[in-house]
Amino acid sequence: MDDRSARLYHIFVESFLPLLKAGVEFTIPLTLVSFFFGLLLAFLTALVRLSPVTPLKLIARFYVWIFRGTPLIVQLFIIFFGLPSIGLTLSPFLAASIGFSLSVGAYGSEIIRAAIISIPQGQWEAAYSIGMTKNQALRRIIIPQALKVSVPPLSNSFISLIKDTSLAASITVTEMFQKAQQITARYYEPMLLYCEVAVIYLIFSTVLSSLQNRLERHFDLHSSNKGSRL
C-alpha cells in the first residue's frame, strides 16, 4: 500500500465512527421527531381539508400551498435566520425540526387526503346503513382502510426525509453531512468523505426500505386474514 492509499485508509477509518455517531445522535432523532409531528399535522390538515368548514379549509389549503410551493432550504433559512429579526430565536435542532415537520405535514396531508377520498362511497353508505354517524364511519371504517392505502407513500416520505435532513447542515445542525464538512476541512479529501457519508445514508435508507417492505406485507397479510374471516 502506497502512502496515498494508506492516508486515505487512515482517514476513512478515523472518520467513520464520528460520522456514524452524528447520524445516530442527530440525523435519526431529527428524522423521527420531524416525521412524528409532521404526520400528526398531516392527519389534522387532511381532515380539515375534507371538513365542511370553509374558513378552516382555506387556511389548510394556504398552508399546503406555501410549503409545497417553496424550497425546503428556504423554509429552514426563514425559520432559523429570519425569525430572530422579529425577536424569536430558535436552536438549530428545534428550527430544523419545525421546518421538516411543516414540510412533512404539507406533503403528507395530500397523501392522507387522497387515501381517504379513494375509499369507495359504498363504504360510507354501508356504515350509515348500520346506524353509524359520519364521525364513527370515518374513525371505524374509512380511516383504517385509508391507512393501508397511505402506508407506501408515507413510508417513501420517511425515507426521503432522512436524506433531506442533510439540509440541516445549512443552519449549523451537526448531523452527518455537517460532520463530513468539518472533517473535510481538516483533511482536504472531499471525494472520500462525501462518498463515505453517502454510503452511511445509503445504509440507513436500505434498512428503512426493508422495514417498509415488512410493514406493507404485514398490512397485506392482515387484510387477507380479515377478508378470509369474512
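Of all lysines in the structure, those lying under 28 Å Cα to Cα from K163, and not within fewer than 8 positions of it along the same chain, are K21, K148, K179. Just name one of S109, I59, S15: the one whose Cα is farthest towards the positive end of the charge dipole of the stretch 1-143 (beta-carbon charges, Lys/Arg +1, Asp/Glu -1). Toward the positive end, the furthest listed residue is I59. Rounded to the nearest 20 debye, the dipole magnitude of the stretch 105-183 is 200 debye, with +1 charges on Lys and Arg beta carbons, -1 on Asp and Glu beta carbons, and the Cα centre as origin.
Which helices pass in the chain if a helix is a full DSSP H run, must span at least 15 angstrom along its long axis by Cα, and must have mean Kyte-Doolittle hydropathy not below 0.5? Qualifying helices: 28-50, 54-69, 92-118, 143-164. Counting only residues at least eight positions apart within a chain, or on another chain, the lysines with an alpha carbon under 22 Å from that of K57 are K134. In the chain, the alpha-carbon atoms span a convex hull of 145 Å³ per residue.
Working from Cα pairs under 8 Å separated by at least six residues, relative contact order for the stretch 3-225 is 28 percent. Counting beta carbons within 10 Å around each of Y188, Y107 and listing the fewest first gives the order Y188, Y107. Under Stokes-Einstein, with the Kirkwood radius over Cα pairs as Rh, the value for the stretch 1-69 at 10 °C and 1.306 mPa s is 100 µm²/s. So if we plug the beta-carbon distance of L32 and E110 into 1/(1 + (r/R0)^6) with R0 = 25 Å, what FRET efficiency do we get, rounded to 0.05? For L32 and E110, the calculated efficiency is 0.70.
Read-outs throughout are calculated quantities, based only on the coordinates presented, and are distinct from any laboratory measurement. Keep in mind that what you see is a predicted model, and the values were worked out from it rather than measured. Every residue, glycine as well, gets a Cβ built from its backbone with ideal geometry; the counts of neighbours run over all protein chains shown.
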